[in-house]
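Engineer: Sharing a structure with you now.
The values are calculated or read from the model by the stated rules, or taken from the named source; none is laboratory data. This one's a predicted model, so the numbers in the text were calculated from it and none came from an experiment. Neighbour counts run over all protein chains shown; Cβ positions are idealised from the backbone, glycine included. Surface areas here come from the heavy atoms of the whole protein model, side chains and all, with no ligands, DNA or RNA. Shrake-Rupley method; radii C 1.70, N 1.55, O 1.52, S 1.80 Å.
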Amino acid sequence: MQIAIIQTEAADFDTNINFHSQNLWPRLYTGSSEVINVRSNCYSPIFHDLKKVATGMELFFRLLDFLGAGFPDTQRFPGPICDTRSSNMSVLLCVADVHTEAVQAALAKQKERGKMAVPMPSKRRSLVVQSSMDAYTPPDTSSGSEGEGSMQGEGTPTSSQSSINMENWISRAIHGSTTSSTTSSSSTQSGGSGAASRLADVMGQTHLGKSGKPPFNYNLHTYLHLSTSVCLSCWLSNSIPPVGVCVCGYCVPVGGRVSAKIQQLVNTLKRPKRPPLREFFVDDFEELLEVQQPDPNQPKAEGAQMLAMRGEQLGVVTNWPLSLEAALQRWGTISPKAPCLTTMDTNGKPLYILTYGKLWTRSMKVAYNILHKLGSKQEPMLRPGDRVALVFPNNDPAAFMVAFYGCLLAEVVPVPIEVPLTRKDAGSQQIGFLLGSCGVTVALTSDACHKGLPKSPTGEIPQFKGWPKLLWFVTESKHLSKPPRDWFPHIKDANNETAYIEYKTCKDGSVLGVTVMRIALLTHCQALTQSCGYTEAETIVNVLDFKKDVGLWHGILTSVMNMMHVISIPYSLMKVNPLSWIQKVCQYKAKVACVKSRDMHWALVAHRDQRDINLSSLRMLVVADGANPWSVSSCDAFLNVFQSKGLKPEVICPCASSPEALTVAIRRPTDDSNQPPGRGVLSMQGLSHGVIRVDSEEKLSVLTLQDVGTVMPGALMCVVRPDGVPQLCKTDEIGELCVGSIATGTSYYGLSGMTKNTFEVSVGALISEYPFTRTGLLGFVGPGGLCFIAGKMDGLMVVGGRRHNADDIVATALAVEPMKFVYRGRIAVFSISVLHDERIVVVAEQRPDSTEEDSFQWMSRVLQAIDGIHQVGVYCLALVPSNTLPKTPLGGIHLSESKQLFLEGSLHPCNVLMCPHTCVTNLPKPRQKQPEIGPASVMVGNLVSGKRIAQASGRDLGQMEDNDQARKVCVLCCSLRFLFLSEVLQWRAQTTPEHVLYTLLNCRGTIASSLTCVQLHKRAEKIATMLAERGHLQDGDHVALVYPPGIDLIAAFYGCLYAGCVPITVRPPHPQNIATTLPTVKMIVEVSRSACMMTTAVICKLLRSKEASAAVDVRSWPPVLDTDDLPKKKPPLLYKPSNPDTLAYLDFSVSTTGMLAGVKMSHTATSAFCRSIKLQCELYPSREVAICLDPYCGLGFVLWCLCSVYSGHQSILIPPSELEVNPALWLLAVSQYKVRDTFCSYSVMELCTKGLGLQTESLKSRGLDLSRVRTCVVVAEERPRIALTQSFSKLFKDLGLHPRAVSTSFGCRVNLAVCLQGTSGPDPTTVYVDMRALRHDRVRLVERGSPHSLPLMESGKILPGVRIIIANPETKGPLGDSHLGEIWVCSGHNASGYFTVYGDEALQSDHFTSRLSFGDTQTIWARTGYLGFLRRTELTDASGERHDALYVVGALDEAMELRGMRYHPIDIETSVIRTHKSITECAVFTWTNLLVVVVELDGSEQEALDLVPLVTNVVLEEHYLIVGVVVVVDIGVIPINSRGEKQRMHLRDGFLADQLDPIYVAYNM
């Protein structure tokens, strides 16, 4: 960019230019458009002839057109521009609203592009708080403002028609678009394309009951794991279509509100966005970071190296005092009646006038008392050089001034801080740390302030959090002793001792103490006096904080040096009367005023109510925050309005300052009204790359700057690059300003390292009398030594290698209709680090009278404006209720505290808009599929590609021996003589008729019923008779058993075997939720082709109730038999199957992906299964086993119904539903019956962990003892939940439970139990793998605690008779040891196949009769559908061989393919649950390639929106995925099946059908 600040003489328009470099500063009149602004003298002289007038105005308007490109004609020149009737009138070059106009133009340009409307978030009505519309709204403040007091009103009212309007808006946004059937990433496993859309509409016809929540044990879904997907409505209407076709009217895309919004989001995200950055890291084993290559097209600095700029020489005035204390002594004795300070009350009337005589005497009094009246004579509390805290309220500058000068006279070091009003003050703890590090033990305060401090019941001031113990000392004269007549303070010349310490709050919230030496204090006052032209007895109006920064330097220090009269305006008065400072200027005819841009803005708002304003007395208006970008418009607008009130343009004097360098630069007041300020209109694009350029093409992405004057007298200034070793910038380069002067801070108290980096900077070959001090200000030095500030180091945000300043972002946000929806001064901008880059967050306080839609529209416009002007995306934009952002003591936003609340999830916003899709362009490269091992690989023995083939097996059933003779007989009888369970039961009824097989417990722990061998046999006989006589069933007919967990289910099962029928166990419908549970019962009955149903009288009545009729067609039920009424006679002959391979029973189950799968179990497989479990767990008749499982499918059914009959042990049955009433039931039963082996589900274990966590001591006192437990096995079909099992073991360790007893099992549809820990063998092992490698289907073992480490626990020991191999799921080739692949199993108890309706054998042959593509191609394997790996451990099993451990990673059906990588939902859910204490449960799924995260909130609904950024952040950080939708719901909404597994697809369908009643739904852009 080329930049010029140009002097133009109007007389002949010859241009006279100061150049730093001839190639950088073009001449204006050459017609070059690359000019940023003008410093012109063309406004005041009289034009001598029309030709010159025409020429001058032509140039003038060309400049205006350049600066205000895109201005509407009616708005181009707000205010008077020129008046040729006067001989000496000024023409105002007004660029006040350049930024606002640029924002509007950028928004218009976005609109022309047809940017897709962003879907509004969905919010529960109770979350939209109605608030008073007439709530008091205080005057707006600028973002950097400081003010006291609170803002009234909070919440966000909405129109009663808001939901209707919202729907209309959405429909307009997607009008005309058709939603095609789309499939999630897992739809190929979910049964074909369009499944999600079809099921969502099907679910739209059902309800979740009155509460909208699934019941406790709800586990069924509306998918069928058949050769095709068929929806529930087709089944219920008996219109079963051909393969892959559905004829019902519901199998169409979803038309609901939620899915319409998601489709709108998808359409929006399809639009092209900013090109991504160069991929800078690879998501691989090592995650190597690449050095980011710079963009070759980015602008580069082209100028010559800048030279240091030296300020004018500091003049030596003979009557200047040798120290500030000497000045006070002089004025206090020579002019004791001269007014020093006038304070105002809240009505604007003078409250107190402090004269120089009073200031001198009271300061001496304070000095004497703190030196001689604290402690004892031998041990005074304070000595010269000690630090003292000054704690005074903002409305009492007189008391502060007395205490400050008292400290200077006593030679102690004052540390001014803010009044701690409460223990929760933002930043108060950090202030306390500063006081502690400074060794402060005494705090000086006023009487009123001391009375207002919080007190304990005993009247003492409590110790604030993080503060040292302080002695509070009141400095009012009435509390002090008079010093002796002969005592006078020792007044020395200014030296290198510390004068005072000013606190500074850093970007991260930490507080540092900047020490200022006495010589620096005096020199700074002298420099200000020379720069500002201060003279004795001048009156100055001060609106600033008098305890620090510009307010302290001008209003407390320099004023005393020059015997000036300060009119102090408290912020409390400004709140009531924003025009008060102007009134005081008029009243006292003040020559100087110190204000901030916020004070000028407030005056603009209120000036219409005031007349008789005359500002002609002002010769200098110091704008303390003149370096901020928004101050330009405030200054120009203020001048535009008040120029007619006597305000002269040359009076406005912006300054730049920092705690470290004190005043850096200030614009000097001049008598030349023809000298307008320097302006710079800089390219945002150039600034983001650290160079100065003009945006001559767009004229939108520009930043208008005003100069802040020249370097201070006696100082040397240079500009250095902000990164790395300090190096001088080039003339067209932005850098950090550094000042070499005696009048700067000296150090950060107690921090030598930071001091060296900030206060002792050496810049190349520059030779300076004093070391350079970093100012923390970013800018450049223009022609004539004019300083321009472009931002602050603390506000610098480096996003994608480009620099952006927080103040610039604030200014852009303010330019988007700032007065309508948010408070002007209540906007916080900061960056957070997410995924190796900084992300911009904007938080604003929303006005209480803004509607939801208005606020959301404003947020959308802000995003577009920032994107258009800064070419950077906003990661998160949040609106919070009014008056809720943490404040600094003077009312400004406490930025670091706001950021901390945001990161902690404690900000409680009322609206949030996340844009990760727009901002995050540095995701790792998608996975490239690597060539896998093929048939051509060299195989030698059991090696493949140099690794052992990943295969293992349990003990061989045929060779197992049993030393116990009695058990050997039993095993032989059961395994050789009897091939069928029905025969085993008959044999037991004859040999051990009174042996108890089953004991059922109720919720009180007492025996509800029990069954001996003969009782079970006789009851089964009667049921067989009923089936033959009443059911008229034939051999092989299917019978649905609809029973609650108990004895009846077992008897009915064996009755079916006796009758030759095939039983199918079905969970009964939930009485409180028939509408959602009964259709699934109906579907299983129909899919299994059951010829009849058997159940109890209670359930039989339920199936015929009115509620059932409303849910399904009850007339289509098959015959229902009530087993409570059994016949008395025996069957003539019990059925004996002719072939052991015939069907024994059908096992129907619903997977976590919503698949309903029925598998066939033959008599051979059933017997082999029972024998394998018997041998693994060493079960025999004298054993007692406690079972707390649902008995409807899988291993739970086998343990509940079959194993006791086969092995003869007693099963103590505990229905899991009873634990809802009595959580301790299961553990008490285990203790009472001295059980050594017990089985449970994850839901049972979780219920005990949560419900009994605080009751272990009471359980111990009741005699609960778990020390006898040998094995506690969790029955599951998923990856072991290691966190839950460890929590359970740790919690009940004090009750005797041994950690090694707790283990897990693993089963699936093709083999109901592959692994089960059993009684012998090594303990289960745990390994840690790299989660990133798992996404690439690779296993990399890492150390515990490594980044991205994931613990995996062994899933139990492989059962006897089971062989396992790990195969590639695509190529079907064997894999090596520790390679991730699909678990294949070969076993005698494999299921025979799926029970399919259509007879399509493709799916069956693939799942149950697969063969390896090379290697051992003869063995028949069943595919489990689960990913895992085998690892040979150093442990040995019972046979003495090394133990092979199986680790299950997750289901293939459940895994999500995103960006070419495979993600398991449980990993993402675990990360999300850790992010916030209020998240109790989480479930994730995909829809149209969008990741949807559903979280359950345990807390106030106001916390719901806090979770959205946290969830998005953690998934990005840990999984490199962008969350598309975040759904916050109530506890219990995520459906859990009986095994404790989440039903994610059910949840997805409920969400798409808008049935979840979410608290909040956020659609991330």
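Engineer: Might you let me know whether region 495-502 holds any residue that is outside any strand (DSSP E or B), small (Gly, Ala, Ser) and open to solvent by less than 30 Å² (accessible area, probe 1.4 Å)?
Structural biologist: Kept after step one, since they are outside any strand (DSSP E or B), are these residues of region 495-502: 495-497.
Then drop every residue that is not small (Gly, Ala, Ser), which leaves none.
Among the residues of region 495-502, not one is outside any strand (DSSP E or B), small (Gly, Ala, Ser) and open to solvent by less than 30 Å² (accessible area, probe 1.4 Å), which makes the answer no.
Engineer: Has region 1035-1051 got any residue that is part of a helix (DSSP H, G or I) and aromatic (Phe, Trp, Tyr)?
Structural biologist: no
Rundown of residues vs (1) at positive phi; (2) open to solvent by less than 10 Å² (accessible area, probe 1.4 Å); (3) not aliphatic (A, V, I, L, M), yes/no style:
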position	(1), (2), (3)
Met1083	no, yes, no
Glu1086	no, no, yes
Val1098	no, no, no
Ala1108	no, yes, no
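Engineer: Ok, one more. Among the residues of region 1058-1080, write down those that are within 46 Å of the chain's Cα centre (by Cα) and either closer than 13 Å to Val1120 by Cα or part of a loop (DSSP other than H, G, I, E, B) (or both).
Structural biologist: If we filter region 1058-1080 for residues that are within 46 Å of the chain's Cα centre (by Cα), which is where we start, we get 1065-1080.
Of everything in region 1058-1080, those that are within 46 Å of the chain's Cα centre (by Cα) and either closer than 13 Å to Val1120 by Cα or part of a loop (DSSP other than H, G, I, E, B) (or both) turn out to be Arg1067, Pro1068, Pro1069, His1070, Pro1071, Gln1072, Asn1073.
Engineer: How many residues are over 30 Å from Leu1195 (Cα atoms) and without any contact (Cβ under 8 Å) to a residue 24 or more places away in the chain if we restrict to region 1105-1150?
Structural biologist: 6
Engineer: Mind checking which residues of region 1297-1325 are open to solvent by 30 Å² or more (accessible area, probe 1.4 Å) and closer than 28 Å to Leu1254 by Cβ?
Structural biologist: Residues satisfying the conditions are His1298, Pro1299, Arg1300.
Engineer: Mind listing just one residue for me: the one in region 1125-1171 that is among the aliphatic types (A, V, I, L, M) and part of a loop (DSSP other than H, G, I, E, B) and, of those, most open to solvent (accessible area, probe 1.4 Å)?
Structural biologist: Leu1133
Engineer: Something else about it: Considering only region 1231-1247, how many residues are among the hydrophobic types (A, V, I, L, M, F, W, C) and either over 31 Å from the mean Cα position of the chain (by Cα) or at positive phi (or both)?
Structural biologist: Adding up the residues that qualify gives 4.
Engineer: Output the number of residues of region 1025-1049 satisfying the condition of being within 20 Å of Ala1097 (Cβ to Cβ) and open to solvent by less than 40 Å² (accessible area, probe 1.4 Å).
Structural biologist: 13
Engineer: While we're on this one: For region 431-457, enumerate the residues that are assigned to a loop (DSSP other than H, G, I, E, B) and open to solvent by 10 Å² or more (accessible area, probe 1.4 Å).
Structural biologist: Gly439, Thr441, Pro454, Lys455, Ser456, Pro457
Engineer: A further question follows. Of the residues that make up region 585-595, is at least one surrounded by 24 or more Cβ atoms within 10 Å (Cβ to Cβ) and part of a helix (DSSP H, G or I)?
Structural biologist: yes
Engineer: Go over the candidates Thr505, Thr529, Thr515, Thr535 one by one and state the one that is open to solvent by 60 Å² or more (accessible area, probe 1.4 Å) and of a type in the set (Val, Ile, Thr).
Structural biologist: Answer to the check: Thr535.
Engineer: While we're looking at this one, here's another question. If you check Pro299 against the conditions, is it under 30 Å from Leu359 (Cβ atoms), modelled with pLDDT of 50 or more, crowded, with 18+ Cβ neighbours inside 10 Å and out of contact with any Asp or Glu (no Cβ under 8 Å at 6 or more places or on another chain)?
Structural biologist: So Pro299 fails the test.
Engineer: Let me ask you something else. In this structure, is Lys648 open to solvent by 10 Å² or more (accessible area, probe 1.4 Å) and touching a strand residue (DSSP E or B) at 6+ places or on another chain (Cβ under 9 Å)?
Structural biologist: No.
Engineer: In addition: Contact list please: Cβ distance under 6 Å, first residue in region 793-820 and touching a residue at least 24 places away in the same chain (Cβ under 8 Å) and aliphatic (A, V, I, L, M), second residue assigned to a helix (DSSP H, G or I) and open to solvent by 10 Å² or more (accessible area, probe 1.4 Å), pairs at least six apart or on different chains.
Structural biologist: Ala811/His99; Ala815/His99; Ala815/Thr100; Val816/Arg861
Engineer: Checking the condition open to solvent by 30 Å² or more (accessible area, probe 1.4 Å), over 30 Å from Lys899 (Cα atoms), touching a His at 6+ places or on another chain (Cβ under 7 Å) and not acidic (Asp, Glu), which residue from Pro339, Pro384, Pro350 passes?
Structural biologist: After ruling out the rest, the residue left standing is Pro339.
Engineer: Does any residue of region 1061-1073 turn out to be farther than 30 Å from Ile1212 by Cβ and either open to solvent by 30 Å² or more (accessible area, probe 1.4 Å) or touching a residue at least 60 places away in the same chain (Cβ under 8 Å) (or both)?
Structural biologist: Taking every residue of region 1061-1073 in turn, none turns out to be farther than 30 Å from Ile1212 by Cβ and either open to solvent by 30 Å² or more (accessible area, probe 1.4 Å) or touching a residue at least 60 places away in the same chain (Cβ under 8 Å) (or both).
Engineer: Which strands (runs of 3 or more DSSP E) does region 741-811 wholly contain that include 1 or more residues that are of a type in the set (Gly, Ala, Ser) and crowded, with 18+ Cβ neighbours inside 10 Å? Spell out the reasoning first.
Structural biologist: On the way: elements: 772-781, 787-792, 796-799, 802-805.
Once the strands (runs of 3 or more DSSP E) in region 741-811 are filtered for at least 1 residues that are of a type in the set (Gly, Ala, Ser) and crowded, with 18+ Cβ neighbours inside 10 Å, what remains is 772-781, 787-792.
Engineer: All but one of (1) open to solvent by 30 Å² or more (accessible area, probe 1.4 Å); (2) hydrophobic (A, V, I, L, M, F, W, C); (3) closer than 29 Å to Thr758 by Cα hold for Trp630; which doesn't?
Structural biologist: Among (1) open to solvent by 30 Å² or more (accessible area, probe 1.4 Å); (2) hydrophobic (A, V, I, L, M, F, W, C); (3) closer than 29 Å to Thr758 by Cα, Trp630 violates only (1).
Engineer: On to the next question. Is it fair to say Lys492 is under 24 Å from Val391 (Cβ atoms) and either open to solvent by 10 Å² or more (accessible area, probe 1.4 Å) or within 39 Å of the chain's Cα centre (by Cα) (or both)?
Structural biologist: no
Engineer: With the requirement that a residue be open to solvent by 10 Å² or more (accessible area, probe 1.4 Å), of a type in the set (A, V, I, L, M) and within 29 Å of Ala389 (Cα to Cα), what does region 544-584 give you?
Structural biologist: Hits for region 544-584 are Leu544, Met563.
Engineer: Still on this structure, please answer the following. For region 290-349, name all the residues that are within 20 Å of Gly406 (Cβ to Cβ) and among the aromatic types (Phe, Trp, Tyr).
Structural biologist: Trp331
Engineer: Can I ask one more? Can you tell me which residues in region 631-647 are of a type outside the set (S, T, N, Q) and in contact with a Ser or Thr (Cβ under 6 Å, 6 or more places away or on another chain)?
Structural biologist: Listed by number, the residues that qualify are Val632, Gly646.
Engineer: Among the residues of region 530-557, which ones are over 21 Å from Ile417 (Cβ atoms) and touching a residue at least 40 places away in the same chain (Cβ under 8 Å)?
Structural biologist: Residues satisfying the conditions are Gln530, Ser531, Cys532, Gly533, Tyr534, Ala537, Glu538, Thr539, Ile540, Val541.
Engineer: Given Val1494, Val1511, which one is closer than 15 Å to Ile1531 by Cα and open to solvent by less than 10 Å² (accessible area, probe 1.4 Å)?
Structural biologist: Numbers: Val1511 fails: closer than 15 Å to Ile1531 by Cα.
Only one candidate passes the filter, namely Val1494.
Engineer: Of the residues in region 1522-1533, how many are within 26 Å of Met1155 (Cβ to Cβ) and either outside any loop (DSSP other than H, G, I, E, B) or open to solvent by 10 Å² or more (accessible area, probe 1.4 Å) (or both)?
Structural biologist: Number of matching residues: 6.
Engineer: Determine whether region 1541-1561 contains at least one residue that is part of a helix (DSSP H, G or I), in contact (Cβ under 8 Å) with a residue 24 or more places away in the chain and under 27 Å from Arg861 (Cβ atoms).
Structural biologist: Among the residues of region 1541-1561, not one is part of a helix (DSSP H, G or I), in contact (Cβ under 8 Å) with a residue 24 or more places away in the chain and under 27 Å from Arg861 (Cβ atoms), which makes the answer no.
Engineer: Within region 597-638, which residues are in a helix (DSSP H, G or I) and of a type in the set (A, V, I, L, M, F, W, C)?
Structural biologist: Correct list: Met600, Trp602, Ala603, Leu604, Val605, Ala606, Val632, Cys635, Ala637, Phe638.
Engineer: All but one of (1) at positive phi; (2) without any contact (Cβ under 8 Å) to a residue 24 or more places away in the chain hold for Lys1477, so report the exception by its number.
Structural biologist: (1)
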